[in-house]
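> Can you read through this structure? Questions will come right after.
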Amino acid sequence: MDNKNHRESPSSELNDEEDSESELEQSVSPTTSHYKKKGKPRIIVNVYNTDYEVVIDVMRNTFEYRLSKDAEGEWDLCWADTGVTSFMLSRMKKYQKINHYPSMACLARKNNLAKNLMRMRKELPGDYNFFPATWLLPYDWKEFREQFTPKKCRTFIVKPEALSQGKGIMLIRSHEALPLAEHYVVQRYIHKPYLIEGLKFDLRIYVLIYGCDPLRVFVFREGLA
């Protein structure tokens, strides 16, 4: 073939550059987002806001995705371990995916979840009777104090509204143990709960919301205890 008429393809150039790229790219050209290596598409994952090393390890070593830490660079998938602004979501392209959805704090934070569940219970009491009596402190202090009388010995579970991983959770039988200024979600605790060796336990179901419109949900049936 005449050398004057032969041009090296962009994919060949990118494959050559791939061998010398760093573990986490600092910038990615828009032309690299969907090129192929060895016949397989290479997905670019933005991990500039990823806190957990296990996520980066799985993306790099299990799925062999390309990783980028450039907040403004090109990407196919973004994994963020903090809140995502509506501005960022509005700038996303059709093919891009992110591990958040708009207004997810309405369900992900305990206080917002409690508010929305109680609103739904008022509208559909027969369908939303699966959760116990709930109070949001300090807003519901007066009503919550009325639950304590000399004739009643009730147990309540108290959770900080914005913490996770079991931090700050306590069981109480007196409201005097709670500081007035703190924000808690309080619920009536189960009388004589099931215990394992004297300890309470969780049964969890992991759900992946793949899309909202149309709604697509995947359930991990094995769960975790």
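> Which members of segment 197-217 meet the condition of being of a type in the set (F, W, Y) and closer than 20 Å to Q165 by Cα?
Going residue by residue through segment 197-217, those that are of a type in the set (F, W, Y) are 201, 206, 210.
Listed by number, the residues that qualify are F201, Y206.
> From the list L136, L124, exactly one residue is over 19 Å from K200 (Cβ atoms), in contact with a helix residue (DSSP H, G or I) (Cβ under 8 Å, 6 or more places away or on another chain) and at pLDDT 90 or above. Which is it? Even if it seems obvious, please write down each step before you answer.
Details: L124 fails: in contact with a helix residue (DSSP H, G or I) (Cβ under 8 Å, 6 or more places away or on another chain).
None of the others qualify; the one that does is L136.
> Next question, about the same structure. What do you reckon, is A114 surrounded by 13 or more Cβ atoms within 10 Å (Cβ to Cβ), closer than 30 Å to I43 by Cα and not aromatic (F, W, Y)?
Details: surrounded by 13 or more Cβ atoms within 10 Å (Cβ to Cβ): yes; closer than 30 Å to I43 by Cα: no; not aromatic (F, W, Y): yes.
Judged against the criteria, A114 is not a match.
> Taking segment 181-211, which residues are within 25 Å of R145 (Cα to Cα) and either within 28 Å of the chain's Cα centre (by Cα) or open to solvent by less than 90 Å² (accessible area, probe 1.4 Å) (or both)?
Let us first name the residues in segment 181-211 that are within 25 Å of R145 (Cα to Cα), namely 181-193.
Those that are within 25 Å of R145 (Cα to Cα) and either within 28 Å of the chain's Cα centre (by Cα) or open to solvent by less than 90 Å² (accessible area, probe 1.4 Å) (or both): A181, E182, H183, Y184, V185, V186, Q187, R188, Y189, I190, P193.
> May I ask you to verify whether L178 is under 30 Å from T82 (Cβ atoms) and open to solvent by less than 40 Å² (accessible area, probe 1.4 Å)? Write out each step before concluding.
Details: under 30 Å from T82 (Cβ atoms): yes; open to solvent by less than 40 Å² (accessible area, probe 1.4 Å): yes.
Here the answer is yes, as L178 does meet what is asked.
> Could you list, in sequence order, the residues of segment 94-121 that are at pLDDT below 90 and closer than 17 Å to A162 by Cα?
S103, M104, A105, C106, L107, A108, R109
> Check W79 against each of (1) farther than 25 Å from V217 by Cα; (2) touching a strand residue (DSSP E or B) at 6+ places or on another chain (Cβ under 7 Å) and name the one condition it does not meet.
Looking at each condition in turn, W79 falls short on (1).
> Another question, then. I need the full set of residues from segment 48-75 which are in a loop (DSSP other than H, G, I, E, B) and touching a strand residue (DSSP E or B) at 6+ places or on another chain (Cβ under 6 Å), in order please.
Y65, W75
> Go through segment 142-172 and give me each residue that's farther than 16 Å from P132 by Cα, in contact (Cβ under 8 Å) with a residue 12 or more places away in the chain, more than 29 Å from the chain's Cα centre (by Cα) and open to solvent by 50 Å² or more (accessible area, probe 1.4 Å). Outline the logic, then answer.
Restricting attention to segment 142-172, the residues satisfying the condition of being farther than 16 Å from P132 by Cα are 142, 145-146, 148-153, 160-170.
Within this subset, residues satisfying the condition of being in contact (Cβ under 8 Å) with a residue 12 or more places away in the chain are 145, 148, 153, 160-162, 169-170.
Add one more test, that the residue is more than 29 Å from the chain's Cα centre (by Cα), and what stays is 145, 148, 153.
Of everything in segment 142-172, those that are farther than 16 Å from P132 by Cα, in contact (Cβ under 8 Å) with a residue 12 or more places away in the chain, more than 29 Å from the chain's Cα centre (by Cα) and open to solvent by 50 Å² or more (accessible area, probe 1.4 Å) turn out to be R145, C153.
> Assuming R91 fulfils every condition listed in (1) at pLDDT 90 or above; (2) exposed (fewer than 15 other Cβ atoms within 10 Å of the Cβ) apart from one, which condition is it?
(1)
> Examine segment 212-220 for a residue that is closer than 25 Å to L136 by Cβ, within 28 Å of the chain's Cα centre (by Cα) and assigned to a loop (DSSP other than H, G, I, E, B), and state whether such a residue exists. Talk me through it step by step, then tell me what you get.
If we filter segment 212-220 for residues that are closer than 25 Å to L136 by Cβ, which is where we start, we get none.
No, segment 212-220 contains no residue that is closer than 25 Å to L136 by Cβ, within 28 Å of the chain's Cα centre (by Cα) and assigned to a loop (DSSP other than H, G, I, E, B).
The values are calculated or read from the model by the stated rules, or taken from the named source; none is laboratory data. Given the structure is predicted, the values throughout are model-derived calculations rather than measurements. Because the Cβ atoms are built from the backbone with ideal geometry, glycine has one as well, and the counts that use them run over all protein chains shown. Surface areas here come from the heavy atoms of the whole protein model, side chains and all, with no ligands, DNA or RNA. Shrake-Rupley method; radii C 1.70, N 1.55, O 1.52, S 1.80 Å.
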